Amino acid sequence: MSTSTTTASTRTDASTTAIVTGGERKMRRHTRRVEPIYYLFLLPTLVIFTLAITVPGVIGIFFSFTDSIGLGEWNFNGLTNYIALFSDPAILQSYLFTFGFSIATVIVVNVIAFLLAVGLTSRIRFKTGLRTIFVIPMVISGIIIAYVFNFLFSNSLPAAGAAAGIPWLETSLLANPDLAWVAIVIVTAWQAVPGTLLIYIAGLLSVPGEVYEAASIDGASRTQQLTRITIPLVAGYVVINVILGFKGFLNAYDIIVGLTNGGPGTATRSVAMTIIAGFNGGDYAYQMANATIFFIVAVLISILQLSLTRGRNTF
């Protein structure tokens, strides 16, 4: 009896020692000093980022509380610029267009990219070559794409509409204040689909094949596998694509400039175009206040992205 008790006690002590030792090792790993070489590699990037982005940003926020035109003398005017922003119809129109355009483009891009990803990860021939073809628009400059499509919308499509006897196609979409945004969505989606497609392909390839085999044995159809297995398992990728896409489309500029230059009138003028036009037109402080509000919106979207993607094993 005594021997058994001693043996059990010895095992308990050994287990306790092992746990303590393991805990000490973990603490050592967590408290391990960072090697100075890492800071050496971090320093140049930190300096460049601070000088090129942080310092100009802080200076711009400072001048948003002034009446500066970008040079010369200036005076503080408090929140005057910010108050004026919320009653300026041109500013409100630019935000309305930008958010509407971004939402529409996100939906179009993600639907097309997901359907293409499903097709390009299935058992079809030449899928590797097709993947290469579909990502080509991603490497072409946005302004070049915009000028090419500008010619198509302004010349080729009206000519085709006249030949086919379709009245609404005989005039350029870019000249129609009610439909110009549709052309911008089409062109932006054409360029943005490849990047979203690659993320969806990565998500679909991460789903174990055994899951589909088990579903097939249970009698699940292709549609049921898509809706009950594929979509739930790649939901994290959907969230990431939606948030990143929406945040990226808010900064739309080059494609809009190449297609409509904000027209007809100001119907397709984005927030980014409004800010840059104001800088060039002497409204530096006013548009800097606009840029500050736009920056806050981007930060809030980034926080939303982090909260929605936290804990998702997607990358």
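The values are calculated or read from the model by the stated rules, or taken from the named source; none is laboratory data. All values reported here derive from a predicted model rather than from experimental measurement. We place every Cβ from the backbone using ideal geometry, glycine too, and count neighbours over all the protein chains shown.
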> Which helices (runs of 4 or more DSSP H) does the stretch 22-139 wholly contain that include 2 or more residues that are more than 17 Å from LEU198 (Cα to Cα) and over 26 Å from the mean Cα position of the chain (by Cα)?
Replying inline: 36-49, 55-63, 80-85
>> What are the pairs with Cβ atoms under 6 angstrom where one residue, in the stretch 292-306, is in contact (Cβ under 8 Å) with a residue 60 or more places away in the chain and the other, located anywhere, is part of a helix (DSSP H, G or I)? Sequence gap at least six, or different chains.
In response: THR292/ILE61; GLN305/ILE243
>> Could you check the stretch 119-151 and list, in sequence order, the residues that are at pLDDT 85 or above and buried (at least 17 other Cβ atoms within 10 Å of the Cβ)?
In response: LEU120, THR121, PRO137, GLY142, ILE145, ALA146, PHE149, ASN150
> If you take the residues in the stretch 72-90 that are of a type in the set (A, V, I, L, M, F, W, C) and touching a residue at least 24 places away in the same chain (Cβ under 8 Å), which one is surrounded by the most Cβ atoms within 10 Å (Cβ to Cβ)?
Replying inline: LEU85
>> For a quick check of your reading of the model, give me the residue pairs whose first member lies in the stretch 246-274 and is farther than 24 Å from GLY195 by Cα, whose second is among the charged types (D, E, K, R), with beta-carbon atoms closer than 6 Å and at least 6 apart or on different chains.
In response: GLY262/ARG269
> Which of the helices (runs of 4 or more DSSP H) contained wholly in the stretch 207-300 include at least 1 residues that are loosely packed, with under 13 Cβ neighbours inside 10 Å and of a type in the set (Asp, Glu)?
Replying inline: 209-217
>> Which numbered condition in (1) in contact with a Lys or Arg (Cβ under 8 Å, 6 or more places away or on another chain); (2) within 21 Å of ILE140 (Cα to Cα) is the only one that GLY195 fails?
In response: (1)
> Can you name every residue in the stretch 169-206 that is among the hydrophobic types (A, V, I, L, M, F, W, C) and not in a helix (DSSP H, G or I)?
Replying inline: LEU179
>> For the stretch 152-190, which positions are of a type in the set (S, T, N, Q) and either loosely packed, with under 15 Cβ neighbours inside 10 Å or under 21 Å from SER102 (Cβ atoms) (or both)?
In response: ASN155, SER156, ASN176, THR188
> Can we say GLY100 is within 23 Å of VAL242 (Cα to Cα), among the small types (Gly, Ala, Ser) and without any contact (Cβ under 8 Å) to a residue 12 or more places away in the chain?
Replying inline: no
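Matching residues to (1) touching a residue at least 40 places away in the same chain (Cβ under 8 Å); (2) charged (D, E, K, R):
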site	(1), (2)
SER154	no, no
GLY161	no, no
PRO167	no, no
GLU170	no, yes
ASN176	yes, no
LEU179	no, no
PRO194	yes, no
> So which pairs qualify, if the first residue must be in the stretch 50-65 and surrounded by 11 or more Cβ atoms within 10 Å (Cβ to Cβ), the second must be assigned to a loop (DSSP other than H, G, I, E, B), the Cβ gap must be under 8 Å, and the two must be at least 6 apart or on different chains?
Replying inline: PHE63/TRP74; PHE65/ASN77; PHE65/GLY78; PHE65/LEU79
> So VAL111 fits all but one of (1) surrounded by fewer than 19 Cβ atoms within 10 Å (Cβ to Cβ); (2) farther than 17 Å from TYR200 by Cα; (3) not charged (D, E, K, R); what number is the exception?
Replying inline: (2)
> Taking the condition within 29 Å of ARG269 (Cβ to Cβ), modelled with pLDDT under 85 and either of a type outside the set (Gly, Ala, Ser) or in contact with a helix residue (DSSP H, G or I) (Cβ under 9 Å, 6 or more places away or on another chain) (or both), does LEU169 pass?
Replying inline: yes
